[in-house]
């Protein structure tokens, strides 16, 4: 599918489907749309009247166009109230249009340009269209033939924004890359295959790659005892993945993105029971998938920023070698951890990954993880949690998220809550009391970053969708690849 931009007047546009945005409460057709309505003998006016169309956000009505018209079909999409117009209005409308496409090969989309720049709108619409159309049928022997036959989408009124469209396509490809990693079953995406995927990315896009084997992790500083403890029950060896993007020019700054990469989480000896969602625990590497998806996009966009992508990949399984509740693990910074819940394993893998990241002497570290159910309880399925030791870093990420249309909410780093993590026999336990569980998880991770500005993103809710919503289809969403890319490019 090709996405292009044009300034062709609506009344002169030719193709299979023309979709035009309408504001809620708009009583008269805009000049260009009125000319088209006249050309179509009042078809648009009649359609609005017959359907009692009000222009509410993302609502769509459509009609075949008769006669000798150069159009086969006309559609109107609601944009909501003009005073509430924002970037999500264009994003949601474009996605809604893309989803309605059936047999049409050529589609034109005309949405009014508002307070946002034409460049930003073109990029957002491009991302939304591609992501709305994405279907993952890789594991079906006979995929249902429901994929649209769409060949060309023309963004009307956005001529000259080809570079923004190309950027949107690149970012959307990174999101889809992450989606397909998360969607794949745990017998397809393992620590070994994740490492192979990272190596393929490095080869294709000129990244540096380092894979630390178990012996390497044992020898790093005090030994990565927290990370290795999680994977010791698995028959599949752990793979500590480190990808690096370096710009051709002198880097303006140096960043690290650390993604939780537990390719399957059984819960360990604190086994997840029936009804716990254990069958979806292939998605527990959603943070690592987004990290690699961001690496794919960033390597192509080539910002003047050095970025390190780190995934401590492993499985949390059950065997005679499994870590026990009550075991004490030593992380690579020397801190000791009493394991009071083997199902709180992600923070153990991240602990050693954060120590590793800080030794790279970066300007900021961001980790992202499907870390706690407590965050979903607090914020629901559509909003991720954000914690940071640096206010400026937090504001950067919020700005990047707003541009991406991905939602975060900053929660407090309540130091008093660390009391609940204290252990009588070690420096800390890996879980605290049930109240404030996502906050204590963030406080746990904070113990493994000494001086570098750091941020923790708990993305447990938004990485997976059980029903189509916004620009996301059912299954993995690719959250928050777009936010990470925007942050690096800011």
Within the bounds of region 334-347, is there any residue that is part of a helix (DSSP H, G or I), in contact (Cβ under 8 Å) with a residue 40 or more places away in the chain and either within 20 Å of residue 212 (Cα to Cα) or in the same structural domain as residue 239 (by TED's automatic domain parsing) (or both)?
yes
If we keep only residues of region 229-249 that are farther than 13 Å from residue 311 by Cα and not in a loop (DSSP other than H, G, I, E, B), then the residue farthest from the chain's Cα centre (by Cα) is 229
If you go through 286, 275, 268, 320, the only one that is assigned to a loop (DSSP other than H, G, I, E, B) and touching a strand residue (DSSP E or B) at 6+ places or on another chain (Cβ under 8 Å) is 268
Per the filter on region 233-254, residues within 24 Å of residue 339 (Cα to Cα) and surrounded by fewer than 21 Cβ atoms within 10 Å (Cβ to Cβ) are 233, 235, 236, 237
Just a yes or no: is a residue in region 277-289 assigned by TED's automatic domain parsing to the domain that holds residue 354 and closer than 15 Å to residue 209 by Cβ? yes
In region 435-456, residues that are touching a residue at least 60 places away in the same chain (Cβ under 8 Å) and part of a loop (DSSP other than H, G, I, E, B) total 8
All-but-one check, residue 383 against (1) buried (at least 21 other Cβ atoms within 10 Å of the Cβ); (2) within 24 Å of the chain's Cα centre (by Cα); (3) closer than 23 Å to residue 280 by Cβ, failing number (1)
Going residue by residue through region 241-249, is there one that turns out to be within 19 Å of residue 324 (Cβ to Cβ) and in the same structural domain as residue 448 (by TED's automatic domain parsing)? no
Scanning region 289-317 for residues that are in contact with a strand residue (DSSP E or B) (Cβ under 8 Å, 6 or more places away or on another chain) and part of a helix (DSSP H, G or I), the one surrounded by the fewest Cβ atoms within 10 Å (Cβ to Cβ) turns out to be 299
Requiring at least 3 residues that are in contact with a helix residue (DSSP H, G or I) (Cβ under 7 Å, 6 or more places away or on another chain) and surrounded by fewer than 20 Cβ atoms within 10 Å (Cβ to Cβ), the helices (runs of 4 or more DSSP H) wholly within region 1-103 are 31-39
**Message:** Suppose the filter is assigned to a loop (DSSP other than H, G, I, E, B) and under 26 Å from the mean Cα position of the chain (by Cα); does residue 325 pass it?
**Reply:** no
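The values are calculated or read from the model by the stated rules, or taken from the named source; none is laboratory data. Owing to the predicted nature of the structure, the values given are computational and were not obtained by experimental measurement. Here the Cβ is made from the backbone with ideal geometry for all residues, glycine too, and neighbour counts use every protein chain on show.
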